[in-house]
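The values are calculated or read from the model by the stated rules, or taken from the named source; none is laboratory data. Note that this is a predicted model, so its numbers are computed, not measured. Here the Cβ positions follow ideal geometry from the backbone for every residue, glycine too, while neighbour counts run over all protein chains shown. Side chains are part of the model used for accessible areas, which takes the heavy atoms of the whole protein and leaves out ligands, DNA and RNA. Shrake-Rupley method; radii C 1.70, N 1.55, O 1.52, S 1.80 Å.
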Amino acid sequence: MSFGKLNPVVNFCSTILVIGQVNDAPNQIGYQRVLALAEAYPLYVVTTCPLPDALRDKVREVHLVGRWFSMWLTCLRLTRRLGADGDVVVHTIYAPRPMIAGFLCRLMEPCRWVYDLFDHPSLTWSGSRGVRRVLKRGIWHLALSRMLRLADVWVIGMHPGILSHLPAPRRECRLVLSGGPGIRDDRAGKKRSGNEKEFTVCYVGPVKLQRGLSLIVAWARSYEGPSACLHLVGREDDDAVATIEAARKEAQRRGLRIVRHGWIDHAKVLEILQNGDIGLCPIDPKVLNYRYAYPIKVVEYMSQGLVPVATDGHGVRALIRHGENGFVARYDGESFSRAISEAISACQDQNRREKLISDMRKSVEGRDWKTLNHRLLADIETALVVAT
């Protein structure tokens with residue numbers, strides 16, 4: 001399937017993507033959205049942060065803006081300029097400021113608006129407290145959620161259950177389900193036998209208490225099992241680091257080494273995963289966004305042959321069948337620790353380990369980013385044709 005030539009019925013010549021920071025991490029959805037759109041259409045990016053070098057040369061223009069009025073004014077001016085030469089699609093992510101940019105362009109200029117929900121705006125208030133939290137939630141419910149009704153297409157990158165937390169779309173609005181995260185074609189080779197001296201457990205993601213690090217630390221403090229090493233990979237915050245360091249000696253005494261890597265290049269992350277046995281993915285169900293997220297790390301763990309252990313949630317259950325291609329636990333220390341112990345026991349049984357890895361490989365077949373991106377763009381084009 002080729003997207004070099006646009007559908008003549010859609011007949012739009014330019015796409016404006018309004019997005020926040022895009023990390024130099026090809027496994028992340030923001031990176032893949034830029035890559036997919038840039039390879040298919042003339043792409044103009046309005047963003048608050050410079051794009052990674054690998055993406056910069058793929059787009060027509062990058063407009064660096066502030067977080068408020070400059071973003072909205074730049075989007076309006078760009079839509080007006082590009083609209084003089086043909087149709088324009090404004091593609092925005094879930095965050096409030098890009099969402100307002102899409103709304104204003106759709107309201108004031110002849111364009112179409114694609115709203116991309118690969119995360120939920122609840123992320124913007126999940127870490128806030130007091131008046132700020134109340135204010136952000138109030139703005140979403142009273143104003144922002146109503147703006148969505150003007151969008152022509154909603155891309156639902158989360159579990160469809162998130163729709164129960166969104167306003168009813170207009171009859172003319174079209175929904176596109178993206179199917180969750182993908183993987184790159186850099187899967188690991190044959191996994192090691194599992195009888196080496198040290199067992200390897202990995203966590204890749206934000207190293208924050210809000211993302212479940214308290215469960216991992218509770219498990220480390222009470223660890224019982226073979227000699228093991230826990231690798232923590234991702235951006236850290238001070239509270240999480242303090243909690244981890246407070247548990248280090250106790251974990252070491254129980255035979256569990258803890259190694260903090262921080263934020264490192266994706267290629268180095270893959271090196272760690274390719275030597276791993278188990279991948280951890282705790283997700284706090286109290287945070288609306290996390291409850292419905294398809295965890296990218298679970299798909300990546302599976303592709304690299306790590307047995308995933310995740311806490312329960314709609315997106316997690318859509319990816320993991322307990323005991324077949326991974327393990328699922330409740331979001332509490334006892335249940336999570338028990339699931340990790342079950343996964344370790346399974347990995348120590350060579351026959352069961354091979355069966356788990358085989359089922360994991362099958363679970364991620366067809367989930368390479370190139371295939372998913374092509375399907376997504378085809379569905380968006382179809383939706384825009386119908387919405388015309």
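Can you list residues whose amide H is under 5 Å from Gly323's amide H, if they're 5+ apart or on another chain and H is modeled 1.01 Å from N?
Amide H to amide H, under 5 Å and 5 or more residues apart or across chains, Gly323 pairs with Val328.
Please work out the Cα center distance from the stretch 96-115 to the stretch 28-90, rounded to the nearest Å.
13
Any idea what angle helix 350-363 forms with the longest principal axis of the chain, computed on alpha-carbon atoms, 0 to 90 degrees, nearest 10?
Once rounded, the angle reads 0 degrees.
Length gain on complete extension for the stretch Asp312 to Ile139, per 0.36 nm per residue less the alpha carbon to alpha carbon distance?
Computed gain between Asp312 and Ile139 is 59.3 nm.
Please identify every one of the trypsin sites (Lys or Arg not before Pro) in the stretch 254-290 that sits in a loop by DSSP and has no more than 12 other beta carbons within 10 Å of its own beta carbon.
Filter output for the stretch 254-290: Lys286.
What 222 nm value per residue comes from the helices of the chain, counting each DSSP H run with n ≥ 4 as -39,500 (n - 2.57) and dividing by all residues, nearest 500 deg cm²/dmol?
-12500 deg cm²/dmol
Compare the peptides 361-370, 24-33 by average per-residue count of other Cβ atoms within 10 angstrom and give them in order, highest first.
Per-residue Cβ counts within 10 Å, averaged per peptide and sorted highest first, yield 24-33, 361-370.
Could you tell me the relative contact order of the stretch 1-158? Use alpha-carbon pairs under 8 Å, at least six residues apart, and round to a whole percent.
Reported relative contact order: 20 percent.
Using the heavy atoms of the protein chains and a 1.4 angstrom probe, tell me the accessible area per residue for the chain in square angstrom.
Computed with neighbouring chains in place, this is 44 Å² per residue.
Let me spell out the model: positive unit charges on the Cβ of Lys and Arg, negative unit charges on the Cβ of Asp and Glu, origin at the Cα centre of the chain. What dipole size does that give, in debye rounded to 20?
740
Just tell me which aspartates and glutamates come within less than 17 Å, Cα to Cα, of Lys362; anything on the same chain fewer than 8 places away is out.
In chain and number order, the partners are Asp185, Asp186, Glu300, Glu324, Glu354.
Let me have the relative contact order for the stretch 195-318, percent, based on Cα pairs under 8 Å that are six or more residues apart.
It rounds to 27 percent for the stretch 195-318.
Which order, highest average first, do 34-40, 50-56 follow once you tally other Cβ atoms within 10 Å for each residue and take the mean per peptide?
Packing proxy ranking, top to bottom: 34-40, 50-56.
R0 = 25 Å: FRET efficiency of Ser345 with Arg254, Cβ-based, nearest 0.05?
After rounding to 0.05, the efficiency reads 0.90.
On a 0 to 90 degree scale, rounded to 10, what angle separates helix 369-387 from the longest Cα axis of the chain?
Roughly 30 degrees, rounded to the nearest 10.
Running a GNM on the chain with Cα contacts under 10 Å, which residue among Gly205, Gly161, Gly20 ends up with the highest mean-square fluctuation?
Top of the fluctuation ranking is Gly161.
At 1.4 Å probe size, with the rest of the protein present, what percent of the exposed accessible area of the chain is carbon and sulfur atoms?
The nonpolar share, carbon plus sulfur, comes to 51 percent.
Considering the values (i) 58; (ii) 45; (iii) 64, which represents percent of Cα pairs over 29 Å apart as calculated for the structure under consideration?
The value matching this structure is (ii).
By a straight-distance test (C-alpha under 17 Å), which aspartates and glutamates pair with Lys249 as possible cross-link partners, with residues fewer than eight away in the same chain excluded?
Glu224
Can you give me the distance in nm between label points at Gln210 and Leu177, each placed 7 Å from the Cα along the Cα-to-Cβ direction?
With each label placed 7 Å out from Cα toward Cβ, I get 2.9 nm.
Multiply the residue gap between Val386 and Lys355 by 0.36 nm, knock off their C-alpha separation, and tell me the result in nm, one decimal place.
This chain segment gains 6.7 nm when fully extended.
Which pairs, out of Lys286/Lys355; Lys136/Lys370; Lys197/Lys268; Lys136/Lys286; Lys58/Lys286; Lys197/Lys370, put more than 28 Å between their alpha-carbon atoms? Please list the in-between numbers first.
Values: Lys286/Lys355 33 Å; Lys136/Lys370 36 Å; Lys197/Lys268 22 Å; Lys136/Lys286 17 Å; Lys58/Lys286 39 Å; Lys197/Lys370 38 Å.
Pairs exceeding 28 Å: Lys286/Lys355; Lys136/Lys370; Lys58/Lys286; Lys197/Lys370.
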